[in-house]
1. 5 Å is the cut-off here: which amide hydrogens, built 1.01 Å from N in the peptide plane, fall below it relative to GLU224, excluding neighbours closer than 5 in sequence?
2. By the scheme Lys and Arg +1, Asp and Glu -1, what is the net charge of all other residues having a beta-carbon under 10 Å from that of ASP80?
3. So what are the ³J(HN,Hα) numbers for the stretch 117-124, from phi and the Karplus equation (6.51, -1.76, 1.60; θ = phi - 60°), rounded to whole Hz, Gly and Pro as x?
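No lab work stands behind these numbers, since they all come straight from the coordinates. Predicted model, so just to flag it, every value in this text is computed and none were measured. Cβ atoms come from the backbone with ideal geometry, glycine included; neighbour counts cover every protein chain shown.
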Amino acid sequence: MTALHSLVASTGTVTFFKGWDFTGNYTFVDLVAASTNALNGALLARRPDHFKNFTIVGILGMALLGGLGGGMTRDVLLGDIPSALTNPAYITVALLFGMIGYSVAYKGGQLFREGLFQFMTSFSLPWYAIVGAQKGVGQGIPILGCILLAVVGPTAGRWYIDVSSGVTPKQFIRGEWFVTIAAFTGLIWILVYWASGNTWVALGVAFVAGYVVRVAALWYSWEEPLASEPKGVYKHSDGRPMLGRKLKGKSQRELRDLGLLVEGADSPVVVGAQPATQTGEN
């Protein structure tokens, strides 16, 4: 009987419909980052270099990793209960945008999916970086620690997805200034907030700066320099799909190997690609 009374009493502490919050203390910004990163996670799971015959549950799991992984890792580093556990809005928007990403990835062509993925990555990266810097400043973390939090937020989710897919994490290979732009965005937010004292002014300036630099890096193929290679080391391609100027000069066979030819197209020619006969490939 005592055990029954304890069970009945404990049910009174269960929270079913409380905790929903969409605004306040950059919560809206954090939710924007979580939703776009969840969309990215679902799209990423359908790319040729990541897809491992995932189930629908697996793709939604990738969306949760992408959308919530960075924020949860950041909060744990700060010693806080992750917002995704205390505010049901996080899991809800992550699952919703994961389903949207699954639908787009299932129906759209690879070129469209890749373009959408790169655009949404550029859009979400500054948001997570800004929230990381803001939370660090709010807890009195030194500036280098705040910049580290600005990097962890937008990159941890991608790291979890890459590792789960058996792919080398993007942060460790050559790419279009991904980690650097996250640190740059966080630093801009800190400096503008220090100069103006206004978090929203700092947010606007930092977002524009981070987004513009990220898109420019994609468009002009600005990449981190490779490390010096020891003698005899063979430099090879990582085999990942490419976008924009990186497609220039690629043959149809190379594009097909990268998964970037739209199946069933009447004329499978990609802008910037050279026909196979011009490169000696069949």
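1. Amide H to amide H, under 5 Å and 5 or more residues apart or across chains, GLU224 pairs with GLY175, TRP177.
2. Values: positive: ARG74, LYS135; negative: ASP75.
It works out to a net charge of +1.
3. Result, rounded to whole Hz: 4, 5, 5, 5, 4, 5, 6, 7.
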